[in-house]
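The values are calculated or read from the model by the stated rules, or taken from the named source; none is laboratory data. All values derive from a computational prediction rather than experimental measurement. Cβ placement follows ideal geometry from the backbone for every residue including glycine, while neighbour counts extend to all protein chains displayed.
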Amino acid sequence: MSAPMTFRQRLLSVYAGQRPDVMPWFSDLTYWYGAQQRQGILPPEYDGDEGFVKLHVDHHVGYYLGYAPVYADSFENVKVFGETEGNTTRTCWRTPVGEMWNEERYLPETFSGAPVKWAVTTPEDLRVLRYVADATHTTPTYDRYEQLVAICGEQGWPTVLPPRSPVSQMLAQWTGAVNLTYLLADAREEVEKTFEALGRAADGAYEAIVGCDTPFVELPDNLSGEVVTPFFKRYQFDYYLRRLEQLHAVGKTVGTHLDGTMKGILPLLVATGLDFIESITPKPTGDVAIEDLRDLAGPDIILFGGIPGAMFAPPFGRDDIRRQVEKVIECEWERGKFILGSADQVPPNGDIDLVTYVGELVEELCG
């Protein structure tokens, strides 16, 4: 009998179109990990990069979202500065054509932050954002990536992320959905020029990724069908085609991050020619049942996810997790185009022992 495949081998075999010995199991533990650190309750053996990998080893799960930057940005004639008072941080971008600023509030109850004032709310702010985009200079930097590849070893592979695509940048970083909607109604030409500037600003990052030996790349767009679908049709579809052509030309496997609702947007993503879609979140918290995923996605694309992150916390328990894993394996294992993952993250109040349990289930049910 041959030796079991490693987590790295399982992941890369699926991305290469091959069926591994068992369904790969990978999870984003960064949110849970950060919350443990903030509370001072993270076991010391899990400190640092090596400790983070050990956390995955000890809990029988593949290492995936150890973010590995391969580029660094600097800005000409742009001053970026901020100040924090209590739980609120204000950041300002000052340029020769004006300035913009935002505020983000940290929420101790959830170990996360949220914007309370977006940086871009007016056409004048769009002008400032375009200046920042056009002032961006990008330098390749591979040391951190190479370090993480070595540290994680056979437990997995660190993820290389380009900048968010322009629409997703606006939604997640600059305007939010409401402001973007009003700006498109009131100043569509200005918004469209800003999309173009943000796309140009990402060229250096993509050139750095082209020069990196990573076998796969994931667009970190945090997509969700009920918000993004109409924007994607008009403004992101062609951008995806261009970036996919660029990355496929050098042999990269390319995916995107869809961690919200899937109806509407999933078929559009498949039509771009993406190789995989990560963070697929089905029922009981998503909008599509596991057995209906392929009706939307078609037979060929690799899907990555299947276990909503909420299921690692109350009121869910081991029986719920088992039923979810059994359903995914029943529907997807024979096809060999599914990577089991937490979608999106194991939450701060998640039970880390359930992560281990999933790894045991996969070995049991696929063995």
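Taking segment 21-38 as the search range and keeping residues that are touching a Pro at 6+ places or on another chain (Cβ under 9 Å) and surrounded by fewer than 19 Cβ atoms within 10 Å (Cβ to Cβ), which one is farthest from Glu364 (Cα to Cα)?
So the residue we want is Arg38.
Got a number for residues in segment 39-66 being on the phi < 0 side of the Ramachandran plot and either surrounded by fewer than 16 Cβ atoms within 10 Å (Cβ to Cβ) or in a helix (DSSP H, G or I) (or both)?
As a first pass, look at segment 39-66 and keep what is on the phi < 0 side of the Ramachandran plot: 39, 41-47, 49-59, 61-66.
Those left that are additionally either surrounded by fewer than 16 Cβ atoms within 10 Å (Cβ to Cβ) or in a helix (DSSP H, G or I) (or both): 39, 41, 43-47, 49-58.
Residues in segment 39-66 being on the phi < 0 side of the Ramachandran plot and either surrounded by fewer than 16 Cβ atoms within 10 Å (Cβ to Cβ) or in a helix (DSSP H, G or I) (or both): 17 in total.
Say we look at segment 88-131 and pick out the residues that are of a type in the set (A, V, I, L, M) and exposed (fewer than 14 other Cβ atoms within 10 Å of the Cβ); which of these is nearest to Thr194 (Cα to Cα)?
First, the residues of segment 88-131 that are of a type in the set (A, V, I, L, M): 97, 100, 107, 114, 116, 119-120, 126, 128-129.
Cutting the leftovers down to exposed (fewer than 14 other Cβ atoms within 10 Å of the Cβ) gives us 97, 107, 114, 116.
Values: Val97: 15, Leu107: 31, Ala114: 23, Val116: 22 Å.
Looking at residues that are of a type in the set (A, V, I, L, M) and exposed (fewer than 14 other Cβ atoms within 10 Å of the Cβ), I get Val97.
When you scan segment 245-260, do you find a residue that is more than 28 Å from Gln18 (Cβ to Cβ), among the polar types (S, T, N, Q) and not in a strand (DSSP E or B), even just one?
no
Say whether the condition of being closer than 24 Å to Gly225 by Cα, buried (at least 19 other Cβ atoms within 10 Å of the Cβ) and either of a type in the set (D, E, K, R) or touching a Gly at 6+ places or on another chain (Cβ under 6 Å) (or both) is met by at least one residue in segment 139-159.
No, segment 139-159 has no match at all.
Listed residues Ala208, Ala172; which is among the hydrophobic types (A, V, I, L, M, F, W, C), within 30 Å of Glu50 (Cα to Cα), part of a helix (DSSP H, G or I) and at pLDDT 95 or above? Before the answer, list the steps.
Working: Ala172 fails: within 30 Å of Glu50 (Cα to Cα).
Answer to the check: Ala208.
Select from segment 267-284 the residues that are more than 18 Å from Asp320 (Cβ to Cβ) and either of a type in the set (S, T, N, Q) or part of a helix (DSSP H, G or I) (or both) and list them in ascending order.
Passing the criteria: Pro267, Leu268, Leu269, Val270, Ala271, Thr272, Ser279.
Which residue out of Ile339, Ile301, Ile352, Ile321 is over 21 Å from the mean Cα position of the chain (by Cα) and either small (Gly, Ala, Ser) or modelled with pLDDT of 95 or more (or both)?
Going through Ile339, Ile301, Ile352, Ile321 in turn, the sole match is Ile321.
Between residues in segment 1-18 that are modelled with pLDDT of 95 or more and residues that are assigned to a loop (DSSP other than H, G, I, E, B) and of a type in the set (Val, Ile, Thr), which pairs lie under 8 Å by C-beta distance while being six or more apart or on different chains?
Met5/Val22; Phe7/Val61; Arg10/Val22
Scanning segment 305-333 for residues that are assigned to a strand (DSSP E or B) and in contact with a Ser or Thr (Cβ under 7 Å, 6 or more places away or on another chain), which turns out surrounded by the most Cβ atoms within 10 Å (Cβ to Cβ)?
If we take residues in segment 305-333 being assigned to a strand (DSSP E or B) and in contact with a Ser or Thr (Cβ under 7 Å, 6 or more places away or on another chain), then Ile307 is surrounded by the most Cβ atoms within 10 Å (Cβ to Cβ).
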